[in-house]
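The values are calculated or read from the model by the stated rules, or taken from the named source; none is laboratory data. Quick caveat: nothing in here was measured; it's all calculated off a predicted structure. Ideal geometry is used to build each Cβ from the backbone, glycine not excepted, and the neighbour counts take in all protein chains shown.
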Amino acid sequence: MFTGVLHPYQADDVDRIVERGSMLAAYGMGTGKTVMAIAAAEMLMDSDKHITCMVVVPAALKWQWAERIAQFTDVDTKQRKVGKAHIVVPADHHCTVIDGTPEQKRKQFAFIHEHQPDYVVTAYENLVHDWTEVRKIKPGIVVADEASLIKTFQAERTRKIKRIKSDHRIGLTGTVMDNGNPEELFSIFQWVDPEVLGPWEYFDPAFIVRSKGKGRAGFPVAYKNLPLLHQKVATAMVRKTREDPEVAKYMPRVEHSSRLVDLDRDTARVYRRIAKDTLFELSKAAGHGSGSIDLAALYSGKAKPTEDTAQGRVMGRLLALHMLVNHPGLIRDSAKRYLAGKGGSRYCLSLVESGALDGLDHSPKLEELTRLLRKELMLDPELKIVVFSFFKGMLKLVAEAMPQYRSVSFTGDHSALKKAEAKALFSYEKDVRLFLASGAGGYGLDLPEARILINYDQRDSAGAQDQQDTRHVRASSQHDVVQVIDFMAAGTVEERRSQRRQFKTRTAAAILDGRGADADGKVVNDVESLRENLERSLRQLSPAA
């Protein structure tokens, strides 16, 4: 039985979900999707005592979901040790979490098949790696948390979750379109209810304008008829944002600011070299014809080629630019990994071997970050701060720069239990002041103890960035006002990344909220090209920098 308390705006939408049976809850981050899904699942299970609710989540959130089921229902509970901390979760016969070694998972699946617990919590990766056992569960309800993870048609996890048969499907996401693409919305609704948007062959020409030029043929240049698309998805979607009046009164106020950091002369010198190398590779690739490099895929961030291709050489240099403005040590680490045969970048190795980084062992961005952290942490002895960086090596550098403050790290390299430990220590240990996270912490994680969140670098995906920005912007926040601070190196590719996200955000708003399109119902891509950005950087970052 559901024992939590719903806000009025949540209660109405829970009723809609239960009445329709399958629906997408496109609630803004922190507005209470998890408690809604549990309330809806409990109501559906009240009408059928013999069904199981399978909750599919990012691996980092498995134990957080177990905690919430224990918190919001009347199930029997137990304490579970996670490293140096403890969490309260349901007893196994109420909720089984699929996690651990192959042998542990074998026992968990056997228990599920024999006892049919009310809830099974599993990760998207389990759908792929443990499909033989997952497909035997036969749930009556499937909840897909962070449903934007099934936005890609070809992804194995997308194909697997669409094969799980259930009477009820509840999708949860604060970012329905991670990259502002209606194609992503289509994939999600294929799972929620395929009748809402119909077949792809009708959807594509109705809502997407594609280019016909050489080299970028088929690339989306605009999206049309967005008011109609908004009407269609609204029939199977409940939508709330933090700005809605009935929601805002329960949320902390957000102060969002950017902090531009100028590169010093030595860093700017290396930046110009890498920018020139990138422009050279762009020009060389263009000269070889459209078959050599897919610029559309490159610009959209979808391409993942090797450095043996023209496209890969461009992306390798672009990545080096991002590493440099964060800290030159990241380039050196990449070179070491390449030499050791553990990934890394051949181009980064060439930079190190050429002596381009000689004497460069500092970062203006890191220096500015540490100044800010020391100031804020000294002013408020109870303050907790979250710092995000795309580069896991950067998190280690931040921790080393702040030895006087206890910190925890949260990355994709950690096990689900290790992540649960980091979250619990940050939540309950007063002397843990810093939560240092890679992109793995950007989805679904609740950090209401934090008052300040700092993005040391930015995400390419607008949806992923929105998710990351709101880890501490929760209805359960312990603060009336919270801050988000974006660090950016002035005059660099980091500024272009911000422009691209703004375009993606406009497209998503036009479809989901019915605002942002022009008078003709379109949103046009007006973002500065990579070439234009690099050329502008070379002008701005003159040798006198």
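Step by step: first the residues of the stretch 135-153, then only those that are surrounded by 15 or more Cβ atoms within 10 Å (Cβ to Cβ) and without any contact (Cβ under 8 Å) to a residue 40 or more places away in the chain, then the one that is farthest from residue 18 (Cα to Cα). Which residue is that?
152
Considering only residues that are under 24 Å from the mean Cα position of the chain (by Cα) and either surrounded by fewer than 20 Cβ atoms within 10 Å (Cβ to Cβ) or outside any helix (DSSP H, G or I) (or both), which ones fall in the stretch 117-129?
Across the stretch 117-129, the qualifying residues are 120, 121, 122, 123, 125, 128, 129.
Could you grab me the full set of residues in the stretch 226-251 that are in a loop (DSSP other than H, G, I, E, B) and surrounded by fewer than 17 Cβ atoms within 10 Å (Cβ to Cβ)? Before the answer, list the steps.
Our first condition is that a residue be in a loop (DSSP other than H, G, I, E, B); within the stretch 226-251, this holds for 235-236, 241-244, 249-251.
Listed by number, the residues that qualify are 235, 243, 244, 249.
Only one residue in 268, 296 is in a helix (DSSP H, G or I), closer than 23 Å to residue 495 by Cβ and modelled with pLDDT under 90. Which one?
Exactly one residue qualifies, and that residue is 296.
Which helices (runs of 4 or more DSSP H) does the stretch 307-356 wholly contain that include 1 or more residues that are in the same structural domain as residue 398 (by TED's automatic domain parsing) and within 18 Å of residue 393 (Cα to Cα)?
none
Let me spell it out: the conditions are (1) within 24 Å of residue 260 (Cβ to Cβ); (2) free of Cβ contacts under 8 Å to residues at least 40 places away in the same chain, and residue 388 meets all of them except one. Which number is the exception?
(2)
Residue under question is residue 92, and the condition is that it be part of a loop (DSSP other than H, G, I, E, B), touching a Phe, Trp or Tyr at 6+ places or on another chain (Cβ under 7 Å) and either surrounded by 15 or more Cβ atoms within 10 Å (Cβ to Cβ) or touching a residue at least 60 places away in the same chain (Cβ under 8 Å) (or both); does it hold?
yes
For the stretch 81-88, indicate whether the set of residues that are in contact with a helix residue (DSSP H, G or I) (Cβ under 9 Å, 6 or more places away or on another chain), in the same structural domain as residue 149 (by TED's automatic domain parsing), among the hydrophobic types (A, V, I, L, M, F, W, C) and within 25 Å of residue 149 (Cα to Cα) is non-empty.
The answer is no; no qualifying residue exists.
Just checking, which of 359, 329 is at positive phi and surrounded by fewer than 22 Cβ atoms within 10 Å (Cβ to Cβ)?
Working: 329 fails: at positive phi.
Of the residues listed, the single one that is at positive phi and surrounded by fewer than 22 Cβ atoms within 10 Å (Cβ to Cβ) is 359.
Among the residues that make up the stretch 106-121, is at least one of them touching an Asp or Glu at 6+ places or on another chain (Cβ under 6 Å), in contact (Cβ under 8 Å) with a residue 12 or more places away in the chain and at negative phi?
Initially, the stretch 106-121 is screened for residues touching an Asp or Glu at 6+ places or on another chain (Cβ under 6 Å), giving 109.
Okay, now just the ones that are also in contact (Cβ under 8 Å) with a residue 12 or more places away in the chain, so 109.
Imposing the further condition that a residue be at negative phi reduces the set to 109.
Among the residues of the stretch 106-121, at least one is touching an Asp or Glu at 6+ places or on another chain (Cβ under 6 Å), in contact (Cβ under 8 Å) with a residue 12 or more places away in the chain and at negative phi, which makes the answer yes.
Kindly indicate which of 379, 351, 330 is free of Cβ contacts under 8 Å to residues at least 60 places away in the same chain, among the hydrophobic types (A, V, I, L, M, F, W, C) and out of contact with any Ser or Thr (no Cβ under 7 Å at 6 or more places or on another chain). Spell out the reasoning first.
On the way: 351 fails: free of Cβ contacts under 8 Å to residues at least 60 places away in the same chain; 330 fails: free of Cβ contacts under 8 Å to residues at least 60 places away in the same chain.
Matching residue, one of 379, 351, 330: 379.
Please go through the stretch 138-159 and give me each residue that is within 26 Å of residue 42 (Cβ to Cβ) and either in a loop (DSSP other than H, G, I, E, B) or charged (D, E, K, R) (or both), ordered by number.
138, 139, 140, 145, 146
Return a yes/no flag: does the stretch 157-168 have any residue that is free of Cβ contacts under 8 Å to residues at least 60 places away in the same chain and within 24 Å of residue 460 (Cα to Cα).
For the stretch 157-168, residues free of Cβ contacts under 8 Å to residues at least 60 places away in the same chain and within 24 Å of residue 460 (Cα to Cα): present.
Of all residues in the stretch 160-174 being of a type in the set (Lys, Arg) and not in a helix (DSSP H, G or I), which is surrounded by the most Cβ atoms within 10 Å (Cβ to Cβ)?
Keep residues of the stretch 160-174 that are of a type in the set (Lys, Arg), which gives 160, 162-163, 165, 169.
Now narrow it down to the ones that are not in a helix (DSSP H, G or I): 162-163, 165, 169.
Values: 162: 15, 163: 10, 165: 10, 169: 22.
The residue in question is 169.
Criterion first (of a type in the set (Lys, Arg), within 19 Å of residue 259 (Cα to Cα) and assigned by TED's automatic domain parsing to the domain that holds residue 396) does residue 459 satisfy it?
Yes, satisfied.
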